[in-house]
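Following: one structure in structure tokens, then a few remarks.
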Amino acid sequence: MKAVTHKRSGNNKNLIGLAACALLFALSVEVEAQEPGKVHRIGFLIAPTPSFFVSRLEAFRQGLQDLGYVEGKNIAIETRYAEGKADRLAELAAELVRLEMDVIVTSGPAGLAVKKATRTIPIVFVAVQDPVATGLVDSLALPGGNVTGLSTLAPELGGKRLEILKGAVPKISRLAFLRGTALTAKDTQAAAQALGIRLQSLEVRDSKDLDAAFKAAIKDRAQGLLTGPGSLFNAHQARIVEFAAINRLPAMYASPESVEAGGLMSYAPSYPAIFRRAATYVDKILRGAKPADLPVEQPTKFELVINLKAAKQIGLTIPPNVLARADRVIK
């Protein structure tokens, strides 16, 4: 009996020892993530121009600050801009990988460039329309690999934008639709039919396609303009806003920045909220979480922004009921 008792005691000691080792390992990971003297390196790869991205990047920085991160003290952010040139993304992604970032944050098409450049550095994408369809993640619930983040996927958005534009311009019946991909075209087309609007779908894959799209819209006698989401439209928002103003076309945009640049209105996810939220993903990863275990989030907050100066410029009076729905009015 003593021999048996002694053997069990040894097993118990071994188990206690293993448990202690596991606890120490877990604590070491946590301590490493929160080590006071450690400066975490965060890469940020952005497809549009710096001027377009100012408010979004500031929201991300604010989110980090709210979590106790201070640039120059415990984090360092390396930002790279493609300036709207898609062919630069691969080069910039490779540069951030060589700099051995602890995590790389991306937005728009930059996500795929970074994913191709590394399978080990954690990647957090922000404001990607459909990360599953584009191949960034396996699914929203189980991203897989080293990539996760926050999507702007909301299929009903196209229809909502049309509904608001129709409310602002009840007589509108022909609309030019600038889109980058076919991801939302089907839902938008269905919504247009329901509202009695003939939608002229114009695919724009690069900046050279814009002039052709503008000519096609004029030839078809478009009475208004709708733009889909995409870094290309963000990078060339000045051209699009100018086209709409010159031709006196009521326009609905997919980003509030276009309205701030002189566009008429936008209905979109709250990008400041999304970018602040991205900071929590970075925080979790720096504390040891794996991207594959962090489900992709979809937007829950949306904002309508209306520019009354732009409305006056094209001779449009926004109906009070539409104006009352606005989250922000630019006067």
Note to self: Less than 14 Å apart at the alpha-carbon level, and either on another chain or at least 8 residues along: which aspartates and glutamates does that give for K160?
What the structure shows: D187, E303
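Note the full-extension length gain between V329 and K38 as 0.36 nm times their separation in residues minus their Cα-Cα distance, in nm to one decimal. Could the numbers behind the result be given before it?
Details: separation 291, 0.36 × 291 = 104.76 nm, distance 4.36 nm.
Stretched fully, the V329-K38 segment lengthens by 100.4 nm.
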Next item on the list: Express the relative contact order of the chain as a whole percentage, based on alpha carbon pairs under 8 Å and six or more residues apart in sequence.
Entry: 19
Checklist line | Nearest 10 degrees, 0 to 90: helix 271-286 Cα axis against the chain principal axis | finding: 20
Notebook entry, point to check: At T300 and K219, where each label point lies 7 Å from the Cα along Cα→Cβ, what is the point-to-point distance in nanometres?
Noted result: 4.7
Notebook entry, point to check: Of N321, N74, N234, which is the most mobile in a GNM of the chain whose springs link Cα atoms less than 10 angstrom apart?
Noted result: N321
Notebook entry, point to check: Among the lysines, which have Cα under 28 Å from the Cα of K85 when same-chain residues fewer than 8 positions away are ignored?
Noted result: K115, K116, K186, K208, K215
Check: With point charges of +1 on the Cβ of Lys and Arg and -1 on the Cβ of Asp and Glu, referenced to the Cα centre of the chain, which listed residue (V124, V329, P291) lies farthest in the positive direction of the dipole?
Finding: V329
Notebook entry, point to check: Using helices alone, what [θ] at 222 nm do you get for the chain, with -39,500 (n - 2.57) per DSSP H run of 4 or more residues, divided over all residues and rounded to the nearest 500?
Noted result: -13500 deg cm²/dmol
Next item on the list: Exposed loop GluC sites (Glu not before Pro) only (DSSP loop, at most 15 other Cβ atoms within 10 Å): please give the longest stretch of the chain free of them, not including the sites.
Entry: 157-331
Next item on the list: Would you look at the GNM of the chain, springs on alpha carbons closer than 10 Å, and say which of S107, S266, S207 moves the most?
Entry: S207
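Taking only C-alpha pairs under 8 Å that are 6+ residues apart, what is the relative contact order of the stretch 192-331 in percent? Mind dumping the intermediate values first?
On the way: 163 pairs, mean separation 26.5, N = 140.
Taking the mean separation of contacting Cα pairs over the length of the stretch 192-331, I get 19 percent.
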Item checked: Using a Förster distance of 30 Å, the FRET efficiency for N321-R248 (Cβ separation, nearest 0.05) -> 0.85
Next item on the list: List the residues of the stretch 119-160 whose backbone N lies under 18 Å from a point placed 7 Å from the Cα of E203 along the Cα-to-Cβ direction.
Entry: 130, 133-135
Notebook entry, point to check: Convex hull volume of the Cα atoms in the chain, per residue, in Å³?
Noted result: 164
Next item on the list: Go ahead and set up a Gaussian network model of the chain, Cα springs under 10 Å, then flag whichever of L67, L162, L294 fluctuates most.
Entry: L67
Notebook entry, point to check: For the Cα atoms of the chain, what angle does the longest principal axis make with the long axis of helix 185-194, in degrees from 0 to 90, nearest 10?
Noted result: 40
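Among the trypsin sites (Lys or Arg not before Pro) within the stretch 63-157, which fall in a DSSP loop and have no more than 11 other Cβ atoms within 10 Å of their own Cβ? Before the final figure, lay out the partial values.
Numbers: sites: K73, R80, K85, R88, R98, K115, K116, R119; in loops: K73, K85, R119.
Qualifying residues, ordered by number: K73, R119.
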Next item on the list: Only Lys, Arg, Asp and Glu count, each charged at its Cβ (+1, +1, -1, -1), so figure out the dipole size of the chain about its Cα centre, rounded to 20 debye.
Entry: 520
Item checked: Helix axis angle, 50-66 relative to the chain longest principal axis, alpha carbon, degrees -> 40
Next item on the list: Using 0.36 nm per residue of separation minus the Cα-Cα distance, give me the extension gain between E100 and E78 in nm, one decimal.
Entry: 6.8 nm
Item checked: Residue-span extension gain [A292 to R239] - 0.36 nm each, minus C-alpha spacing -> 15.1 nm
Note to self: Given a Förster distance of 30 Å, report the FRET efficiency between I314 and D130 from their Cβ-Cβ distance, rounded to the nearest 0.05.
What the structure shows: 0.40
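Coordinate-derived values only; no laboratory data. Please read all numbers here as calculations on a predicted model, not as lab measurements. Note that each Cβ is placed from the backbone with ideal geometry, even for glycine, and that neighbours are counted across all protein chains shown.
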